[in-house]
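Have a look at the structure below before the remarks.
The values are calculated or read from the model by the stated rules, or taken from the named source; none is laboratory data. Keep in mind that this is a model prediction, so the values were computed, not measured. Note: ideal-geometry Cβ built from the backbone for every residue, glycine included; neighbour counts use all protein chains shown.
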């Protein structure tokens, strides 16, 4: 029977936590076998389901003096070259700091938007084998080696569940949203490290470092893609200085131009106000005041009577309808005769209700406009030729 004279682990790397000697050989050791353990290593011997002994760095002879159980398990006396069978495991005691982790989608109600958003967290952690006996007894089993990948795969479910619950608890307790969580990653890492440290200690491992590198929208989901696109659009609007209403107006105008047809009321609003804030003003105007058919008295004389405020067609700021000029930019109030909305000078139809506006005639005179249907009429005409409404 051939005996193994020297047992050692030469090609240890930082990503391997444990390695079994002679996995392809018959592990026939003897009380003259030399065990060589290098710095940052620890060797543990198993036989018949029991731990025979543990050895630190140095050169050791496997005899009954340092392995007293040999006498009980094998009846080996003192002295002589006595054979016995055992498994020798080498444990790497260094601390690799490049083990990546990532959670799947976490549902979280964002305090800023008040809606559920999908989040995903990722980062890195470092582990070191602290108790070699506990580590080997609970994790290694029938394996011939244990790498960082084996560790990640083995604990994926438990690690993700614990990480997700702690991340959500931290964000809820501190009312942190998706736009501000990046500034709290250090606090979150420290908050999460303690429960994970206790988790790894139960397996004989020391958590030497734990870092969260990002908590972002999970764009692998449809909801995440839509929310990310909306936030990107919002940032672009803030930088460029236009509002959501203006963007819609641009779209209406561009669509009408591409069709080559009549733009209608919204299209006219977009085109006439695009350069001076008129789109926002038109879309923010209150509903037009429409007098009843045949109305007489003040209602017929002032079709937009009762309007208290208007939005400036130039700067889109609100001011009292009794003003003749915008107090913010000095733009002259050019009211629509039907609804009272402010319009850019020279506009032929109201950007809010579409009514025709008073325009200067080629002959130098000024025409009239029916407050009911918006039909232009020459001066001196007392009734509208289209709807029969009495003209003021």
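The table below gives the values:
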{"item": "Number of the exception - residue 117 against (1) buried (at least 20 other Cβ atoms within 10 Å of the Cβ); (2) modelled with pLDDT under 80", "result": "(2)"}
{"item": "Residue under evaluation residue 172, criteria (1) surrounded by 14 or more Cβ atoms within 10 Å (Cβ to Cβ); (2) out of contact with any helix residue (DSSP H, G or I) (no Cβ under 6 Å at 6 or more places or on another chain), criterion not met", "result": "(1)"}
{"item": "Answer residue from region 340-370, given it is touching a strand residue (DSSP E or B) at 6+ places or on another chain (Cβ under 9 Å), in a loop (DSSP other than H, G, I, E, B) and surrounded by fewer than 20 Cβ atoms within 10 Å (Cβ to Cβ) and is modelled with the highest pLDDT among those", "result": "345"}
{"item": "Residue within region 78-98 that is loosely packed, with under 14 Cβ neighbours inside 10 Å, at pLDDT below 80 and closer than 20 Å to residue 41 by Cα present", "result": "yes"}
{"item": "Residue check, residue 209 under 21 Å from residue 91 (Cβ atoms) and touching a residue at least 12 places away in the same chain (Cβ under 8 Å)", "result": "yes"}
{"item": "Leading residue by the ranking (nearest to residue 313 (Cα to Cα)) among those in region 371-392 that are touching a strand residue (DSSP E or B) at 6+ places or on another chain (Cβ under 8 Å) and modelled with pLDDT of 75 or more", "result": "391"}
{"item": "In region 16-31, the residues that are part of a loop (DSSP other than H, G, I, E, B), surrounded by 13 or more Cβ atoms within 10 Å (Cβ to Cβ) and at pLDDT below 85", "result": "22, 27, 31"}
{"item": "Yes/no for residue 65 being part of a loop (DSSP other than H, G, I, E, B), outside the structural domain of residue 209 (by TED's automatic domain parsing) and out of contact with any helix residue (DSSP H, G or I) (no Cβ under 6 Å at 6 or more places or on another chain)", "result": "yes"}
{"item": "Residues being over 18 Å from residue 108 (Cα atoms), in contact with a strand residue (DSSP E or B) (Cβ under 7 Å, 6 or more places away or on another chain) and part of a loop (DSSP other than H, G, I, E, B) - total across region 174-212", "result": "1"}
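Per-residue answers, yes or no, for (1) under 17 Å from the mean Cα position of the chain (by Cα); (2) in contact (Cβ under 8 Å) with a residue 24 or more places away in the chain; (3) in the same structural domain as residue 56 (by TED's automatic domain parsing); (4) over 17 Å from residue 99 (Cα atoms):
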{"residue": "144", "(1), (2), (3), (4)": "no, yes, no, yes"}
{"residue": "152", "(1), (2), (3), (4)": "no, yes, no, no"}
{"residue": "156", "(1), (2), (3), (4)": "no, no, no, no"}
{"residue": "163", "(1), (2), (3), (4)": "yes, yes, no, no"}
{"residue": "177", "(1), (2), (3), (4)": "yes, yes, no, yes"}
{"residue": "185", "(1), (2), (3), (4)": "yes, yes, no, yes"}
